[in-house]
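Here the structure is laid out as structure tokens; the discussion comes afterwards.
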């Protein structure tokens, strides 16, 4: 079997040598992009997800929406499978695999654009669903270590507490304000809602005890009283240009990969047609 590069070289005239070299450079660039964008990134996601899943101290959570570790594993696996077609197709010069990869990438790109447009149009619905998702996470706090760490990170990062207010934590069985609740944390909030004291070296995990029964203006100096959804929205508006640039960069990268795959498919088609013409000339003699 003649190597793919030699096959291509045998069907190019000297006049087309520069074009052929340009196509080779494009193919090498395509190999690099598919390798780093797909195999490395997806492998990292899978590795982090598996590590988090194995290191988790809580029970197994089967729902994707409430298990960040499982989400990483699924996203990483999908990325690996999808871009595996692109890598293998580019290395083996197999047009059918390249077509599958380009088709899937085009569908993913269309879905991303559609989701962005629908999210903008139905922003109120997105906020309602986001609030429901956050409240669901609050109600299951302490049942899943990964979810706990994610919620604590968000509350510390955005200096917020709960979905809309700190009293959303009453939906959690440990922080519920009912007098029948035997928990020591009754009517409290997680320590991640607390404003750190100056020169604090040891985290006070009891700083949020009983704060739900107090008035907000009495807590301003010790507890984040604003909800996380509003703080995230404000942060997004303040960093709109940066977020837009990152999103646009990802779109351009995906389009670039689709174009490179299409160029290689076109090149393979030309080689195949030229080979057929040469075969016909040979048989007609």
Completion exercise
Row for the stretch 143-236, column shape: gyration tensor on C-alpha, a ≥ b ≥ c, rounded if a/c < 1.5 i.e. under 1.5, prolate if a/b over b/c, else oblate; value rounded
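Which length gain, in nm to one decimal place, applies between residue 111 and residue 259 when the Cα-Cα distance is subtracted from 0.36 nm times their residue separation?
Values: separation 148, 0.36 × 148 = 53.28 nm, distance 1.78 nm.
Length difference between fully extended and current span is 51.5 nm.
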Problem - Chain lengthening between residue 91 and residue 273 when straightened (0.36 nm per residue, less Cα-Cα) - result: 63.5 nm
Exercise for the section: Report the paramagnetic label zone for residue 120: residues of the stretch 221-246 whose backbone N is under 19 Å from a point 7 Å from Cα along the Cα-to-Cβ axis. Expected result: 233-246
Handout entry: Fewest-first sequence of 83, 179, 205 by Cβ atoms within 10 Å of each Cβ
Key = 179, 205, 83
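Taking the number of other C-beta atoms within 10 Å as the exposure measure, put 153, 80 in order starting with the fewest.
Working: 153 11, 80 17.
Ordered from fewest to most neighbouring Cβ atoms within 10 Å, 153, 80 come out as 153, 80.
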Fill in the blank from the handout: From fewest to most C-beta neighbours within 10 Å, the residues 274, 128 line up as 128, 274
Practice task
Please work out the C-alpha center-to-center distance from the stretch 223-285 to the stretch 98-146 and express it in whole Å.
Solution key: 20
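Readers should treat all values here as calculations from the given coordinates under stated rules, not as data from a laboratory. As the structure is a prediction and not an experimental result, all values here were calculated from the model. Heads up, the Cβs are rebuilt from the backbone with ideal geometry, glycines too, and the neighbour counts pull from every protein chain shown.
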